[in-house]
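Step one of this worksheet: look at the structure below.
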Amino acid sequence: MSEHGAATITDTLFGELLSPRLLQREETNVPVPQTDPLADTLVQSGTALLERQYRAGYWRFDLEADTTIPAEYMLLQHLMGTVDREREQRLADYICKRQLPDGSWPLYEGGAGNISATVKAYFALKTAGYDPAAEAMQRARAWVRNNGGAEQVNVFTRILLAIFGQMPWRTVPAMPAEIIWLPRWWYFSLDKISYWSRCVTIPLLLIFAHRPVHKGTDIRELFNREPESLKHIDHYQPGSHFKNCFILLERLLKLLEPLVPGFVRRRSMRKLETWMREHMRGEGGIGAIYPAMANAVYALKLLGRDTADPDMQRGLQAIEDLVIEEEAQTYVQPCVSPIWDTCLSLSALSEAGLSPDNGAVKPATDWLFDKQVFTRGDWISMAPDLEGGGWAFQFENDFYPDVDDTSMVVMALLRVGAHYNPDRKKRIAQAVNWVIGMQNTDGGWGAFDIDNHYENLNNIPFADHGALVDPSTADLTARCIEMLAMLGYDRSFPPIARALEYLQQDQEPCGAWFGRWGVNYIYGTWAVLVGLGALGEDPKQPYLRKAVNWLKRIQNSDGGWGESCDSYNDPDLGGSGDSTASQTAWALLGLLAMGETESDAVEKGVNYLVRNHDGAKGWEETAFTGTGFPRVFYLRYHGYSHYFPLWALGVYARYRQGLETRQEALVREGPVDLGVLPVLDSKHYRSRFVNA
């Protein structure tokens, strides 16, 4: 037996767990694909997914980013003095295999070369002992120099190069430690930036205060200008008034920072360290994301702490837990996704017909409830009277549960009937109360914070990644509508009414919706159509027909759907790309939610999934269809090609047999009585919508 919950599950056994009507064979009037291939695909993919469940009850698939994460990990080991040469070489092999023919490294599979990713990859490889005269290194060096040189890298890469003495610290935007004292009412404060920015920035402020220079490998050959001659890299831009004002302010800060009294700097650093340590106390590491973890352990080292420090120990272990070591390759994940993988696997299996009484269900629901978060995290700054009850994305990230995971977990729990248990229903009510309390004043939902919509802050020089804040997004807003609809709330419920207005205003002219957390317009449009379908919105409404027609229009000739990350840089490319299993599943689920079961588009999409399913191997998908930060950081969720196609085919099979989905059955049963939701009468929540 492996660490997974089951060694083998036969097709026959899984078939017996599905609705008998769902898998019955029809002899006539069945469109291509024939029912047998569809049933076989459901059984095989469902069996494979069940076999991936861990004994503890959860599912966890690998989460892969670009080569910057393993490159940064390799360089961090040199800073910390913890280099494992064998692992370093395996990571270097992983990086080398992803180099493009032109010598560069991309941000995602199939993408063009990126200057920052390429500089980091080259730096890590040279640090690991790769010969600069090697052909691959020569190609990389030529590409960098032909694309402006290493002086063109982004801010976070500049910081890394400054730490290693490759660029002067003056080229890094000013971020004095005293920022920690700025109050929320000030134009800029750490409370006004997103959770991920906060967790990355606060340790960085400690690093900035030390301005370390770690001498080692030299990569000056990547620069077109002498690095020591560089001064102001962030230049004024005609017509960009906000950005230019921030650049001017940043230059003034650089002049004033040396005048900060020593006692003020020491107090600021103590406050930063206190905040950082408080947020490092969990096993998942600060923010449970690699960049924040790496900054935090290095900041502790600069403060003179060693591995005897408990926070240092936990931080280092949290980083090690991100390393994937397989026979074929070794790489480093940016974070882990077990909550997300578990709730989506559970929903997919449920809609494919898995009985709530199946032995896989109870361990999964028990595990999910064990992971429910009641810690009062950073979000309380905007809702001090709101009680917790959400779920995070990772194994542990108690300060930062998120709306996306929480709504998806609640829907998975509802599908398997967890609400029939009175104690579990109370826990679900706490989660729903928290989600409602996180709604923004514009009617939408962000991921981790309330009204974190100060998008002008993306103009500060430090924020060249353009993802400093966490505003409302269509995908999360629709997810919350879907969850509330499953509980029996209708469009007259004020949170839903506000959300509907937000979604209609946020629709793109083409009919699609932007996807903040998945690539891209297909993801956003799927989320909205499924959410509004659960609510019972009339699919004949013009704005919904426009979305449906957009999905049909962008379908590929092979019957599938696909979209490249390029659409974040050029919206005209929305919905364009090679077909993938996950994006095809999203499009199908969106169309099915709008009553398009009998359409040619759905038939062709189902046929694409069935035709491209390879037995026990499932669907092959190497594309990055997940989004960390648009235009900057993308993700390959290894689980997406396992559970989303199963989900889509399960829903389709139900409709073809005249059956309702599990979601529809719950809505038909009538409202789930959650009792009084305290948030609806809370002071801060009501004041947020006083003019609504």
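The values are calculated or read from the model by the stated rules, or taken from the named source; none is laboratory data. In this text, all values refer to a predicted model and were calculated from it rather than measured experimentally. Note: ideal-geometry Cβ built from the backbone for every residue, glycine included; neighbour counts use all protein chains shown. SASA here: full protein model, heavy atoms, side chains in, ligands and nucleic acids out. Shrake-Rupley method; radii C 1.70, N 1.55, O 1.52, S 1.80 Å.
One residue alone among Asp36, Asp40 is assigned to a helix (DSSP H, G or I), at pLDDT below 90 and on the phi < 0 side of the Ramachandran plot, and that residue is Asp36. Considering only residues that are open to solvent by less than 20 Å² (accessible area, probe 1.4 Å), in a loop (DSSP other than H, G, I, E, B) and modelled with pLDDT of 95 or more, which ones fall in region 464-499? Passing the criteria: Ser472, Leu487. Within region 505-522, the set of residues being charged (D, E, K, R) and part of a loop (DSSP other than H, G, I, E, B) comprises Glu508, Arg516. Checking the stated criteria, Ser582 turns out not to satisfy the condition of being among the polar types (S, T, N, Q), under 27 Å from Thr67 (Cα atoms), at pLDDT 95 or above and open to solvent by 20 Å² or more (accessible area, probe 1.4 Å).
One residue is enough: does region 230-249 have a residue meeting the conditions over 30 Å from the mean Cα position of the chain (by Cα) and at pLDDT 95 or above? No, that holds for no residue. In this structure, Asn456 qualifies as part of a helix (DSSP H, G or I) and either more than 29 Å from Asn549 (Cα to Cα) or among the β-branched types (Val, Ile, Thr) (or both).
With respect to Tyr108, determine if the residue is touching a residue at least 40 places away in the same chain (Cβ under 8 Å) and farther than 30 Å from Asp451 by Cα. It is true that Tyr108 is touching a residue at least 40 places away in the same chain (Cβ under 8 Å) and farther than 30 Å from Asp451 by Cα. For region 48-79, a tally of residues being more than 23 Å from the chain's Cα centre (by Cα) and either within 26 Å of Ala392 (Cα to Cα) or open to solvent by 30 Å² or more (accessible area, probe 1.4 Å) (or both) returns 6. For region 362-392, a residue qualifies if it is without any contact (Cβ under 8 Å) to a residue 12 or more places away in the chain and under 19 Å from Arg198 (Cα atoms), and exactly one does: Ile380. Taking region 652-681 as the range and being open to solvent by less than 60 Å² (accessible area, probe 1.4 Å) and outside any helix (DSSP H, G or I) as the test, the residues that pass are Gln657, Leu659, Thr661, Gly670, Val672, Leu674, Gly675, Leu677. Taking the criterion of being open to solvent by 20 Å² or more (accessible area, probe 1.4 Å) and modelled with pLDDT under 95, the residues of region 277-303 that qualify are Arg281, Glu283. Would you call Gly574 open to solvent by less than 20 Å² (accessible area, probe 1.4 Å), within 22 Å of Ser45 (Cβ to Cβ) and at pLDDT 95 or above? The answer is no for Gly574. The residue pairs whose first member lies in region 503-516 and is more than 15 Å from Pro542 (Cβ to Cβ) and open to solvent by 10 Å² or more (accessible area, probe 1.4 Å), whose second member is not in a loop (DSSP other than H, G, I, E, B) and not hydrophobic (A, V, I, L, M, F, W, C), and whose beta carbons are closer than 7 Å, counting only pairs six or more residues apart or on different chains, are Phe514/Tyr521; Phe514/Gly524; Arg516/Thr473; Arg516/Asp475; Arg516/Thr627.
Just one of the listed residues (Leu649, Leu591) is crowded, with 24+ Cβ neighbours inside 10 Å and under 17 Å from Thr41 (Cα atoms), and it is Leu649.
Residue-wise test of (1) closer than 23 Å to Trp517 by Cβ; (2) among the basic types (Lys, Arg); (3) in contact (Cβ under 8 Å) with a residue 40 or more places away in the chain; (4) in contact with a Leu (Cβ under 9 Å, 6 or more places away or on another chain).
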site	(1), (2), (3), (4)
Cys565	yes, no, yes, yes
Pro571	yes, no, yes, no
Gly590	yes, no, yes, yes
Glu603	no, no, yes, no
Gly628	yes, no, yes, yes
Ser641	yes, no, yes, no
Phe644	yes, no, yes, yes
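Inside region 250-286, residues that are of a type in the set (Gly, Ala, Ser) and part of a helix (DSSP H, G or I) make up a count of 2.
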